[in-house]
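Chemist: Dropping a structure here in structure tokens format, bear with me for questions.
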Amino acid sequence: MMRFARLTAPRQMRATAACTLLLLAFGSGGCGYRVGSLYDDDVETIAVDVFTNDTFRRDVELELTREVVKQVRLRTGWRIANRSEADVVLTGRIIRIQDNVLSETERNLSLESAVMVSAEARLTNHRTGRLVKKVQRTTSESYLIPRGENRTTAMTEAIYKLAEDLVQALE
């Protein structure tokens with residue numbers, strides 16, 4: 001039969017304190033995760049300006065802006081506000097939209113194509129004018145013509161993914 005030694009009160013307190021410190025040291029690392037925003041705690045509101053568009057494709061900037069606002073509401077704790085009331089301002093521009101043929105038939109008819117969209121976003125402190133973060137992302141979405149898929153649905157999906165990527169990069 002195995003007997004366990006009883007610890008005296010001071011030894012028991014030291015052992016408890018040591019175990020507590022070990023738990024805090026190993027348990028607080030969190031694998032790089034952090035609760036809350038990466039930015040100042042005083043940032044509660046954000047204004048999202050309409051993205052500019054360096055391409056000749058019309059209204060894509062409106063769709064991207066709409067999706068970015070949705071992603072900010074879904075992913076962050078920031079409240080959307082007017083520019084004059086916001087703590088930070090998000091501005092951005094669509095840099096490039098490109099169509100690529102991925103596969104063709106023997107008659108040079110497109111079977112699969114892809115649309116690629118590139119954009120950059122800047123987060124600026126409204127009070128100080130200081131650039132908080134600048135990111136650039138590119139996303140693409142393919143579509144199969146024989147399956148009845150088309151460029152419009154691929155563009156919508158690419159814009160959605162791009163908005164998701166931009167907001168995630170700014171978090």
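The values are calculated or read from the model by the stated rules, or taken from the named source; none is laboratory data. The structure presented is a predicted model; accordingly, all values stated were derived computationally and were not measured. Counting neighbours? That spans all protein chains shown, and the Cβs are built from the backbone with ideal geometry, glycine included.
Chemist: For region 45-80, name all the residues that are in a strand (DSSP E or B), in contact (Cβ under 8 Å) with a residue 60 or more places away in the chain and closer than 13 Å to I95 by Cα.
Modeler: none
Chemist: Small (G, A, S) and either touching an Asp or Glu at 6+ places or on another chain (Cβ under 7 Å) or farther than 21 Å from E61 by Cβ (or both): which single residue out of S118, S103, S140 fits that description?
Modeler: S103
Chemist: Does region 89-96 include one or more residues that are polar (S, T, N, Q) and at pLDDT 95 or above?
Modeler: Yes, there is a match, as at least one residue in region 89-96 is polar (S, T, N, Q) and at pLDDT 95 or above.
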